[in-house]
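**Q** The structure that follows is given in the form of structure tokens.
The values are calculated or read from the model by the stated rules, or taken from the named source; none is laboratory data. All of these numbers come straight from a predicted model, not from anything done at the bench. Neighbour counts run over all protein chains shown; Cβ positions are idealised from the backbone, glycine included.
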Amino acid sequence: MRIRLVLAALVAAAAATAAPDALASSSTAQIAGLQVALRAQGLYRGAIDAIAGPETVAAVRAFQRSHGIRATGIADVRTRAALGPLGRPLFGARTLHRGDFGWDVAVLQYLLVRRGIDVPINAYFDGPTLRGVRLLQRRLRLPTDGIVGPHTIAAVAHRSVALAPRRVVRRLVRVHVVLAGESLSSIARRYGTSVRVLARLNHLDPAHVLLVGTRLRLPTGAKARSVVRTRPVAERIGSVASVRALIDHWAVYYGVDVHLVRALAWMESGYNNALVSNVGAQGIMQVMPSTWRYVETSLIGHGVRHDASGNVRVGVAYLHHLLRDFGGNERLALAAWYQGERAVRASGIYKVSKPFVADVLALQQRM
């Protein structure tokens, strides 16, 4: 019954703001925006699947209790307002452009993935999302301007809208939804394939982080060798405090802009402390083991516990070090974070680093 009430509340809220022609098919998809907002608070670790299951409802209640809101499990107007920039606006309430950030962008990304267009679900209208929108528009024979207005909203929201004819052979495609703590290498081992094959099939860079909820296409004939079990949520996040609270605490402690740290952590891991990249970067801030040792020995002077709080502390301490070494220049500090301090001093910002730097700085203004 409670799940039905959550769905009813979201539908009612959407009815007040979303475009009428998009509402019929997008009302339940709004839950994807809720799940991304809850994940940013460190409360939800499930897949971004737009299903208001028990884990989603429990996360809503936990958020409401922590903000002094009656814990109904319903994402009402007051709850969404408390979620901040990720709690608004609902999908269909505005035209979306590159650089936009919020609930509706997360829903857009979910709907694109549902149509088989691989984009990150991070609530930020970035370059990959722009390319995904243009691809959809091209398939539907809409103007390929990358702008998500009423026609594109209706097209992406309605499953019944037919794609333009394509000369392809239809076949069943197996997918794997990424869980907390998984990496390309662990998924490859599970399905008896290789990182290279998975990366090529899904157009991924193996060096980049793998977000929870990402849908990975699997090679033909791939079969799971074993079931991967994850630790309980409370154990995975390592603390009852939200990830965002940890970020804010250590940002203030080291005198680093809170919004910059929030944006960096979101781009690196989606606030997922269980994430381990294929190159060994760990946790919320995606800290390499060598960087962790450097921070302990040269910047802090003692060991730091390997939990969520320690991960954020090490990451923020290192970012503070980079900002100081580059005279407070955030662009150079972020580039050094991404490609290495020595490389920035020797060659400037690499071309491959520029999108990362630009995305973090854009998110800084919204988080």
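**Q** For the stretch 76-104, what are the residues that are part of a loop (DSSP other than H, G, I, E, B), under 20 Å from the mean Cα position of the chain (by Cα) and touching a residue at least 40 places away in the same chain (Cβ under 8 Å)?
**A** Selection gives 83, 89, 90, 91, 97, 98, 99, 102.
**Q** Next question, about the same structure. Do you know which of the residues in the stretch 104-129 that are acidic (Asp, Glu) and in contact with a strand residue (DSSP E or B) (Cβ under 9 Å, 6 or more places away or on another chain) is surrounded by the fewest Cβ atoms within 10 Å (Cβ to Cβ)?
**A** Only one residue tops the list, namely 118.
**Q** For residue 296, state whether it is closer than 14 Å to residue 356 by Cα and either out of contact with any Leu (no Cβ under 7 Å at 6 or more places or on another chain) or not hydroxyl-bearing (Ser, Thr, Tyr) (or both).
**A** Judged against the criteria, residue 296 is not a match.
**Q** Restricting to the stretch 14-60, and then to whatever is more than 28 Å from residue 116 (Cβ to Cβ) and small (Gly, Ala, Ser), can you tell me which residue is modelled with the highest pLDDT?
**A** 58
**Q** Taking helices (runs of 4 or more DSSP H) that fall entirely within the stretch 262-366, which contain at least 2 residues that are buried (at least 18 other Cβ atoms within 10 Å of the Cβ) and under 17 Å from the mean Cα position of the chain (by Cα)? Before you say what the answer is, go through the steps one by one.
**A** Working: elements: 289-294, 308-325, 330-339, 341-347, 354-364.
Correct list: 354-364.
**Q** Still on this structure, I have one more. State whether the residues of the stretch 72-81 include one that is at pLDDT 80 or above, within 26 Å of residue 275 (Cβ to Cβ) and out of contact with any helix residue (DSSP H, G or I) (no Cβ under 6 Å at 6 or more places or on another chain).
**A** No - not one qualifying residue is present in the stretch 72-81.
**Q** Scanning the stretch 86-105 for residues that are among the small types (Gly, Ala, Ser) and within 23 Å of residue 262 (Cα to Cα), which turns out modelled with the lowest pLDDT? Show your work before the answer.
**A** Within the stretch 86-105, the first condition is being among the small types (Gly, Ala, Ser), and the residues that meet it are 87, 92-93, 99, 102.
When the remaining residues are screened for being within 23 Å of residue 262 (Cα to Cα), the result is 87, 99, 102.
On the way: 87: 88, 99: 85, 102: 88.
Within the stretch 86-105, the match that is modelled with the lowest pLDDT is 99.
**Q** Starting from residues that are of a type in the set (D, E, K, R) and without any contact (Cβ under 8 Å) to a residue 12 or more places away in the chain, keep the ones in the stretch 301-338 and report whichever is farthest from residue 264 (Cα to Cα).
**A** 305
**Q** For the stretch 241-261, what are the residues that are over 14 Å from residue 309 (Cα atoms), β-branched (Val, Ile, Thr) and part of a helix (DSSP H, G or I)?
**A** Once the filter is applied, which keeps residues that are over 14 Å from residue 309 (Cα atoms), β-branched (Val, Ile, Thr) and part of a helix (DSSP H, G or I), the stretch 241-261 yields only 258.
**Q** Then there is this: When residue 108 is evaluated against the numbered criteria (1) in a loop (DSSP other than H, G, I, E, B); (2) at pLDDT 90 or above, which criterion, by number, is the only one it fails?
**A** With respect to (1) in a loop (DSSP other than H, G, I, E, B); (2) at pLDDT 90 or above, residue 108 is out only on (1).
**Q** Just the residues that are within 21 Å of residue 202 (Cβ to Cβ), among the aliphatic types (A, V, I, L, M) and in contact with a Leu (Cβ under 9 Å, 6 or more places away or on another chain), please, taken from the stretch 120-145.
**A** 121, 123, 133, 135, 136
Conditions tested, residue by residue: (1) modelled with pLDDT of 80 or more; (2) surrounded by fewer than 18 Cβ atoms within 10 Å (Cβ to Cβ); (3) part of a loop (DSSP other than H, G, I, E, B).
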| residue | (1), (2), (3) |
| --- | --- |
| 166 | no, yes, yes |
| 180 | no, no, yes |
| 197 | yes, yes, no |
| 231 | no, yes, yes |
| 235 | no, yes, no |
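**Q** Kindly evaluate residue 244 against the criterion of being assigned by TED's automatic domain parsing to the domain that holds residue 357, of a type in the set (Lys, Arg) and without any contact (Cβ under 8 Å) to a residue 24 or more places away in the chain.
**A** Spelling it out, it is not the case that residue 244 is assigned by TED's automatic domain parsing to the domain that holds residue 357, of a type in the set (Lys, Arg) and without any contact (Cβ under 8 Å) to a residue 24 or more places away in the chain.
**Q** In the stretch 39-72, how many are closer than 22 Å to residue 110 by Cα and either under 14 Å from the mean Cα position of the chain (by Cα) or surrounded by 20 or more Cβ atoms within 10 Å (Cβ to Cβ) (or both)?
**A** So the answer is 16.
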